[in-house]
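The values are calculated or read from the model by the stated rules, or taken from the named source; none is laboratory data. In this text, all values refer to a predicted model and were calculated from it rather than measured experimentally. Backbone-built Cβ (ideal geometry, glycine too); neighbour counts: all protein chains shown. Heads up: the accessible areas ignore ligands, DNA and RNA and are worked out on the full protein's heavy atoms, side chains in. Shrake-Rupley method; radii C 1.70, N 1.55, O 1.52, S 1.80 Å.
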Amino acid sequence: MQDVIRVENLTKKYKDVIAVDGVNFTIKKGTCFGLLGPNGAGKTTTIEIMEGIIKASEGQVYYYDKAINAAMSQQIGIQFQHTALQDFLSVQETLNLFTSFYQHTIAISELVELCDLSEFLNRDNRLLSGGQRQRLLLALALINDPDIVFLDEPTTGLDPQARRNFWQLIKNIKARDKTVVLTTHYMDEAQQLCDDVLIMDHGKVIARGSPRQLLNQHFQEVFISLPAIQVPDALVEHYGWHINAQQVEITTADVEATLSLLLAKKISLTGLHIKSPNLDDLFLKLTGHSLRD
Ligand SMILES: Nc1ncnc2c1ncn2[C@@H]1O[C@H](COP(=O)(O)OP(=O)(O)O)[C@@H](O)[C@H]1O
Ligand SMILES: [Mg+2]
């Protein structure tokens, strides 16, 4: 697969902070690429340099092997983390207005379908719900039928249902063979949508790969939990298990052996859960702090 974007030694220094610190990666055509990390990790700075919005202090971004340039703006679509919409315009009028900014555009009817806007086309921008607003902003990012779409935390602050709806739209876009670059601090979102992820912390890359690869590479174990009331304290102590929120938590690479042990000790398995590690667990393992801190 062809690389659409190549980022080499990208660095952005502000007066007293290195927002992005020597980052390298490539993005393959037609994939969904996730830039992950907590607030302040450097996601927005990285994506805005890729979009040509801000300049790097060092390093270079290549778009189909050419250094990024002004002409690119016709070929990319951007959904900013914070965007002001014009007051007193309806969704339909906003789409019409943005269509006039570009030479080549996608039919508005197609956008309405793709981003599921039909229910609120005549509504004033100010009256949109959070999820509707993000759907409109996504449509605006797609208006010039770009090859590549940049979405900076598109689902932050949405309720779970609205987030799920938005995920479906991103899948629709991917199905049209577009490349999607997404930032998020929701690890479940990245796991659902992204073919490849780059996890950042304090401006540096701490992990890179497909979610599956990364999890296989860093974890042999799974997590077993069961109600603490079913497990004698002496046993918990003997095996060094953890108790958290009235659950005994057992980390094990050998599920059969652990279950056999519990059965041999006559412990009830009622309410037992087995959980595979996810990207949140990976972040915790790599940094020693959890993502929401
Ligand atoms: N214009 C700026 N001037 C000074 N510092 C900035 C500026 N923009 C971002 N930063 C700092 O750079 C770091 C990375 O910010 P950002 O890229 O917005 O992170 P993220 O999007 O992952 O939350 C933060 O410490 C932030 O405070
Ligand atoms: Mg940001």
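Residues in region 32-46 include at least one that is open to solvent by 40 Å² or more (accessible area, probe 1.4 Å), within 20 Å of C194 (Cβ to Cβ) and modelled with pLDDT under 95.
Across region 22-37, the qualifying residues are those that are assigned to a strand (DSSP E or B) and within 12 Å of ligand 1 (Cβ to nearest atom), and the one among them that is farthest from E8 (Cα to Cα) is L36.
Scanning region 245-293 for residues that are at pLDDT 95 or above, part of a helix (DSSP H, G or I) and among the charged types (D, E, K, R) returns a single hit, E256.
Annotation note: Cβ proximity below 6 Å between a residue of region 75-93 that is in a loop (DSSP other than H, G, I, E, B) and a residue that is open to solvent by less than 70 Å² (accessible area, probe 1.4 Å) and within 15 Å of ligand 1 (Cβ to nearest atom) (sequence gap 6+ or interchain) occurs for F80/D152; Q81/T44; Q81/D152; Q81/E153. If you go through region 38-71 and keep only what is assigned to a loop (DSSP other than H, G, I, E, B), closer than 16 Å to K12 by Cβ and not basic (K, R), you end up with G40, A41, G42, E51, G52, I53, I54, A56, S57, I68.
Tell me, yes or no, whether region 59-68 has at least one residue that is within 16 Å of ligand 2 (Cβ to nearest atom), in contact (Cβ under 8 Å) with a residue 40 or more places away in the chain and in contact with a Lys or Arg (Cβ under 9 Å, 6 or more places away or on another chain). If you could, list the steps in order and put the result at the bottom.
Applying the first criterion (within 16 Å of ligand 2 (Cβ to nearest atom)) to region 59-68 yields none.
No: region 59-68 contains no residue that is within 16 Å of ligand 2 (Cβ to nearest atom), in contact (Cβ under 8 Å) with a residue 40 or more places away in the chain and in contact with a Lys or Arg (Cβ under 9 Å, 6 or more places away or on another chain).
Within region 51-67, the set of residues being under 22 Å from Q103 (Cβ atoms) and surrounded by 19 or more Cβ atoms within 10 Å (Cβ to Cβ) comprises E51, Y63. Exactly one residue among G203, G271 is in contact (Cβ under 8 Å) with a residue 40 or more places away in the chain, over 16 Å from Q191 (Cβ atoms) and touching a Lys or Arg at 6+ places or on another chain (Cβ under 9 Å), and that residue is G203. Screening L85 with (1) open to solvent by less than 40 Å² (accessible area, probe 1.4 Å); (2) hydrophobic (A, V, I, L, M, F, W, C); (3) within 16 Å of ligand 2 (Cβ to nearest atom); (4) closer than 15 Å to L138 by Cα gives one miss only, at (3).
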